[in-house]
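Asks: Take this structure first; my questions come after.
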Amino acid sequence: MTRRFGFMIGLMLSTLAACAAQPGLALGKEEPGKKASAGRGFPAARPERVAEIAAWLRPEPHGLGRPASDREAWGRLAAQPEAAGILRKAAGLTDKPLPELPDALYLEFTSTGNRSNYERPCFQRTGQLDTLLLAECLEYKGRFLPALERAILTLCGERSWTMPAHDASLGNFNGTRLTVDLGSSARGWLLASADGWLGDRLTPAVRERLRKEIRRRVLDLYLAAVRTGQLNGNGWIKGDSNWNAVCTAGVVCTALALLQTPAERAEVLAAMEISNTFYVSGFTDDGYCTEGMGYWNYGFGHFVRMGLAVREATGGRLDVFQGGKLKRIAEYACGYQIQTGCSPFFADGGGGPNQEVWALLRQAYPDAVPTGTPPYPLLRGGIVAVGLRGFGQEPPPAAAGKDAPLPLRTWFGDAQVLLTRSPAGGGVPFGAAIKGGHNAEHHNHNDLGSYTVVLDGVEMLGDPGGEIYTRRTFSRERYTSKVLNSYGHPVPVVAGQLQSDGRQAAARVTGQTFDDALDRLELDLTAAYPVPELTGLRRAYVHDRAARAIEITDEIRFASPQAFSTPLITYRDVSRRDNGTLYLHDKTRCVEVKIEPEGGSWHLDEERIENPGKPSPRRLAVTFDKPVAAARVRFRITPCTLPAGLTTEPDAASAAGANRSRAL
């Protein structure tokens with residue numbers, strides 16, 4: 001299976017599958033140096049700013065792109081090669097009811113912690129509606145209207161638009177306290193787009209019902225929060241994680257398509273400006289996204305969609321893409337690749353850069369998109385992509401040609417993350433990513449010192465990635481998971497202790513050397529371990545490009561002898577010459593790992609880290625037989641050909657995870 005950000009499917013509706021993010025993870029934190037108004041949870045917009053924005057807006061609401069009645073514009077889209085497939089797919093849905101969403105399925109999260117069983121049919125519902133809407137706009141003959149209206153009314157009749165995982169008190173389910181979340185904001189956007197594109201082609205009763213439900217479940221809740229400053233469970237409005245961008249995008253674009261007066265739409269846009277400052281503060285100053293690439297695709301991707309919609313609605317007068325930090329955030333995706341299309345799976349969000357987001361980004365930050373990125377089909381991705389790209393908004397395609405190679409390194413100094421690469425033309429691509437940082441990051445794993453080593457687009461060893469989300473994932477028991485705590489990461493266990501979580505568990509850069517021949521990064525990891533006897537733990541990474549070798553060296557000192565071990569983590573098959581020489585490989589790629597411990601006798605502990613629903617990585621830990629006062633362990637990793645005659649220990653996960661790091 002491709003190592004992808006599993007719940008990330010594409011555009012608004014399919015990226016809704018990434019409702020895996022949760023409130024309570026760094027939500028509601030104010031931007032440093034800014035204070036909310038006294039007695040308010042959210043700062044009030046200045047009336048003069050609201051009036052200024054209102055003057056830029058059209059008298060009537062207007063959604064993305066063009067209404068379906070503009071047959072010249074939609075006719076050009078109907079001529080696209082993908083149109084016939086969309087119509088065929090929609091034809092198969094005309095007599096197909098939407099999947100059932102019984103109350104028992106919603107309540108399953110509360111009783112068992114399982115979120116997937118509800119989310120799967122929930123996303124299928126919106127996916128069917130999206131397809132029917134797009135097909136009707138392309139063909140415009142009424143063939144899909146009956147099924148589309150049935151689907152709209154089914155969504156309007158749902159007991160809750162908020163996802164079960166975001167409704168811990170069941171206030172949305174019971175109707176006692178409604179809140180806006182990733183799911184409800186996306187449903188509002190979808191239904192508002194149907195109203196905006198089809199207008200009076202929908203029956204009056206359907207339009208009245210969908211408008212009533214959107215106001216009740218999304219817009220009225222948001223307006224009440226920003227008018228009073230009382231967030232009432234909508235802490236994402238001041239959040240600095242992907243929730244802010246995704247929910248704000250849904251609310252803003254719903255408002256632009258549905259709210260009748262420019263004054264109300266301007267209220268939403270003025271609040272958006274304030275909210276955006278909180279979201280942007282969640283990135284480091286050099287643009288690093290601690291949530292991971294998958295959540296850059298999801299969160300910043302929605303920010304880009306929203307920004308393009310707002311720029312179009314205001315005739316370019318309100319441009320959210322201003323500022324050097326936002327440009328650096330846009331450039332993150334290109335820099336956060338070890339090799340083209342392959343990014344490390346630090347934190348919860350892995351995968352490579354999303355091609356649709358890059359296609360949209362060309363309208364805002366063309367220089368952040370590699371010139372050789374292939375054109376993205378206009379009708380791929382759903383209604384939001386079509387609305388933002390399908391009506392002449394995009395700049396002309398870049399001239400054909402090869403991408404400039406990725407640089408030898410990308411250093412996110414504020415986040416302490418290094419991506420180091422072999423030179424272009426220097427043989428099979430070989431590189432790594434290494435992280436310091438701290439253990440209170442967004443979608444945090446306790447993983448100071450973690451790394452990923454990649455050969456020819458495939459992860460050979462290193463960080464295990466994330467897990468399938470359950471109720472426990474975002475609870476106080478988060479770090480009982482061996483995939484989320486430090487045990488399943490390629491970092492030491494010190495005196496029997498794992499890394500602690502929290503901002504105080506922070507790495508410190510003690511040395512760095514970056515040049516064409518060699519990259520070296522040294523981290524002090526002492527603060528990560530609550531061990532009084534620990535006097536020092538240093539980890540050094542060296543990428544020697546001439547030798548095509550990557551070395552990871554741990555040096556530890558104690559005031560009195562203590563237990564010490566440090567592991568390798570891999571999804572690959574393992575062959576060994578002896579305990580000191582391992583070969584990690586798949587059918588076509590292989591790296592040799594030389595193990596060089598000093599400080600006492602040692603052995604190799606082996607264990608499978610269970611990761612339900614996903615491939616389970618193998619843990620191979622160099623463990624000293626007796627407590628040590630000081631020790632050193634070096635792993636030297638080099639690409640090689642698998643020697644003949646060795647016994648191979650197949651990895652049960654290797655077939656499923658064979659291309660975990662390849663591009664999407």
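The values are calculated or read from the model by the stated rules, or taken from the named source; none is laboratory data. All of these numbers come straight from a predicted model, not from anything done at the bench. No Cβ is skipped: glycine too gets one built from the backbone with ideal geometry, and neighbour counts run over all protein chains shown. Note: accessible area is taken over every heavy atom of the protein model, side chains too, but ligands, DNA and RNA are not part of it. Shrake-Rupley method; radii C 1.70, N 1.55, O 1.52, S 1.80 Å.
Asks: Please determine, by comparing only the residues of segment 322-340 that are in a helix (DSSP H, G or I) and over 28 Å from residue 489 (Cα atoms), which one is least open to solvent (accessible area, probe 1.4 Å). Walk me through it before giving the result.
Replies: Filtering segment 322-340 for residues in a helix (DSSP H, G or I) gives 324-335.
With over 28 Å from residue 489 (Cα atoms) added as a condition, the list becomes 324-328, 330.
Numbers: 324: 45, 325: 42, 326: 16, 327: 84, 328: 100, 330: 0 Å².
Across segment 322-340, the extreme among qualifying residues is 330.
Asks: Is it true that some residue in segment 147-169 is under 14 Å from residue 68 (Cα atoms), in contact (Cβ under 8 Å) with a residue 40 or more places away in the chain and basic (Lys, Arg)? Break it down stepwise before answering.
Replies: Within segment 147-169, the first condition is being under 14 Å from residue 68 (Cα atoms), and the residues that meet it are none.
Checked segment 147-169: no residue is under 14 Å from residue 68 (Cα atoms), in contact (Cβ under 8 Å) with a residue 40 or more places away in the chain and basic (Lys, Arg).
Asks: Within segment 580-595, does at least one residue satisfy the condition of being assigned to a strand (DSSP E or B), open to solvent by 50 Å² or more (accessible area, probe 1.4 Å) and touching a strand residue (DSSP E or B) at 6+ places or on another chain (Cβ under 7 Å)?
Replies: In the first step, residues of segment 580-595 are kept if they are assigned to a strand (DSSP E or B); the result is 581-585, 590-595.
Imposing the further condition that a residue be open to solvent by 50 Å² or more (accessible area, probe 1.4 Å) reduces the set to 594.
Now narrow it down to the ones that are touching a strand residue (DSSP E or B) at 6+ places or on another chain (Cβ under 7 Å): 594.
Yes.
Asks: If you don't mind, there's one more thing I want to ask. For the subset of segment 149-190 comprising residues that are of a type in the set (Val, Ile, Thr) and open to solvent by less than 10 Å² (accessible area, probe 1.4 Å), which member is farthest from residue 235 (Cα to Cα)?
Replies: Going residue by residue through segment 149-190, those that are of a type in the set (Val, Ile, Thr) are 152, 154, 162, 176, 179-180.
Narrowing further to those that are open to solvent by less than 10 Å² (accessible area, probe 1.4 Å): 152, 162, 180.
Working: 152: 28, 162: 14, 180: 10 Å.
Selected residue: 152.
Asks: Return the residues of segment 452-470 that are among the β-branched types (Val, Ile, Thr) and at pLDDT 95 or above; say none if nothing qualifies.
Replies: Passing the criteria: 452, 453, 454, 458.
Asks: What single numbered condition from (1) touching a Leu at 6+ places or on another chain (Cβ under 9 Å); (2) under 30 Å from residue 250 (Cα atoms) fails to hold for residue 396?
Replies: Of the numbered conditions (1) touching a Leu at 6+ places or on another chain (Cβ under 9 Å); (2) under 30 Å from residue 250 (Cα atoms), the odd one out for residue 396 is (1).
Asks: Moving on. Count, please, the residues in segment 284-307 that happen to be open to solvent by 10 Å² or more (accessible area, probe 1.4 Å) and of a type outside the set (Val, Ile, Thr). Break it down into steps so the answer makes sense when it comes.
Replies: If we filter segment 284-307 for residues that are open to solvent by 10 Å² or more (accessible area, probe 1.4 Å), which is where we start, we get 284-286, 290.
So of that shortlist, the ones also of a type outside the set (Val, Ile, Thr) come out as 285-286.
Looking only at that region, the number is 2.
Asks: So which strands (runs of 3 or more DSSP E) stay within segment 341-453 end to end and still have 3 or more residues that are among the polar types (S, T, N, Q), open to solvent by less than 10 Å² (accessible area, probe 1.4 Å) and more than 25 Å from residue 80 (Cα to Cα)? Spell out the reasoning first.
Replies: Details: elements: 409-412, 417-421, 430-435.
Hits in segment 341-453: none.
Asks: I'd like to check something: does segment 301-309 contain any residue that is assigned to a loop (DSSP other than H, G, I, E, B) and touching a residue at least 12 places away in the same chain (Cβ under 8 Å)? Break it down into steps so the answer makes sense when it comes.
Replies: Looking only at segment 301-309, we keep the residues that are assigned to a loop (DSSP other than H, G, I, E, B), and these are none.
There is no residue in segment 301-309 that is assigned to a loop (DSSP other than H, G, I, E, B) and touching a residue at least 12 places away in the same chain (Cβ under 8 Å).
Asks: Sticking with this one: Give me the pairs, please: first residue somewhere in segment 92-121 and on the phi < 0 side of the Ramachandran plot, second residue anywhere and modelled with pLDDT of 95 or more and β-branched (Val, Ile, Thr), beta-carbon distance under 6 Å, and either six or more positions apart or on two chains.
Replies: 98/154
Asks: Would you confirm, using the coordinates I've provided, whether residue 251 is under 27 Å from the mean Cα position of the chain (by Cα), part of a helix (DSSP H, G or I) and in contact (Cβ under 8 Å) with a residue 40 or more places away in the chain? I'd like the intermediate steps shown before the answer.
Replies: Values: under 27 Å from the mean Cα position of the chain (by Cα): yes; part of a helix (DSSP H, G or I): yes; in contact (Cβ under 8 Å) with a residue 40 or more places away in the chain: yes.
Considered against the rule, which asks whether it is under 27 Å from the mean Cα position of the chain (by Cα), part of a helix (DSSP H, G or I) and in contact (Cβ under 8 Å) with a residue 40 or more places away in the chain, residue 251 comes out as yes.
Asks: Identify all residues within segment 139-148 that are in contact with a Leu (Cβ under 8 Å, 6 or more places away or on another chain) and surrounded by fewer than 24 Cβ atoms within 10 Å (Cβ to Cβ); write none if there are none.
Replies: Filtering segment 139-148 down to residues in contact with a Leu (Cβ under 8 Å, 6 or more places away or on another chain) leaves 139, 144-145, 147-148.
Residues satisfying the conditions are 139, 145, 147.
Asks: Scan segment 214-247 for residues that are open to solvent by 10 Å² or more (accessible area, probe 1.4 Å) and in a helix (DSSP H, G or I) and jot them down.
Replies: Those that are open to solvent by 10 Å² or more (accessible area, probe 1.4 Å) and in a helix (DSSP H, G or I): 215, 216, 217, 220, 221, 224, 226, 227, 228, 235, 238.
Asks: Out of curiosity, is residue 319 modelled with pLDDT of 95 or more, charged (D, E, K, R) and either farther than 30 Å from residue 466 by Cβ or surrounded by 23 or more Cβ atoms within 10 Å (Cβ to Cβ) (or both)? Full working, then the answer.
Replies: On the way: modelled with pLDDT of 95 or more: yes; charged (D, E, K, R): yes; either farther than 30 Å from residue 466 by Cβ or surrounded by 23 or more Cβ atoms within 10 Å (Cβ to Cβ) (or both): yes.
Yes; evaluated as a whole, the condition is true for this residue.
Asks: Another one. Between a first residue in segment 630-649 that is more than 18 Å from residue 556 (Cβ to Cβ) and open to solvent by 70 Å² or more (accessible area, probe 1.4 Å) and a second residue that is at pLDDT below 95 and among the charged types (D, E, K, R), which pairs have beta carbons less than 9 Å apart while being 6 or more apart in sequence or on different chains?
Replies: Filtered contacts from segment 630-649: 647/576.
Asks: Applying the selection to segment 105-157, what residues are over 14 Å from residue 383 (Cβ atoms), of a type in the set (Phe, Trp, Tyr) and over 22 Å from the mean Cα position of the chain (by Cα)?
Replies: Across segment 105-157, the qualifying residues are 106, 109, 140.
Asks: I need the full set of residues from segment 456-471 which are open to solvent by 10 Å² or more (accessible area, probe 1.4 Å) and in a strand (DSSP E or B), in order please.
Replies: 470
Asks: Another question, if that's okay. Give me the strands (runs of 3 or more DSSP E) completely within segment 487-563, filtered to those with at least 3 residues that are crowded, with 19+ Cβ neighbours inside 10 Å, ordered by residue number. Give the steps one after another, and end with the answer.
Replies: Details: elements: 502-506, 508-514, 518-524, 534-544, 549-562.
In segment 487-563, 518-524, 534-544, 549-562 are the strands (runs of 3 or more DSSP E) which contain 3 or more residues that are crowded, with 19+ Cβ neighbours inside 10 Å.
Asks: On to the next question. Read through the list (1) open to solvent by 60 Å² or more (accessible area, probe 1.4 Å); (2) over 22 Å from residue 558 (Cα atoms); (3) more than 29 Å from the chain's Cα centre (by Cα), then give the number of the only condition that residue 608 fails.
Replies: Every condition holds for residue 608 apart from (3).
Asks: Please tell me if residue 626 is assigned to a loop (DSSP other than H, G, I, E, B), among the charged types (D, E, K, R) and touching a residue at least 12 places away in the same chain (Cβ under 8 Å). Can you show your working first?
Replies: Numbers: assigned to a loop (DSSP other than H, G, I, E, B): yes; among the charged types (D, E, K, R): yes; touching a residue at least 12 places away in the same chain (Cβ under 8 Å): yes.
Answer is yes for this residue.
Asks: Has segment 168-189 got at least one residue that is over 30 Å from residue 144 (Cα atoms), of a type in the set (A, V, I, L, M, F, W, C) and at pLDDT below 95?
Replies: The answer is yes, given that some residue of segment 168-189 is over 30 Å from residue 144 (Cα atoms), of a type in the set (A, V, I, L, M, F, W, C) and at pLDDT below 95.
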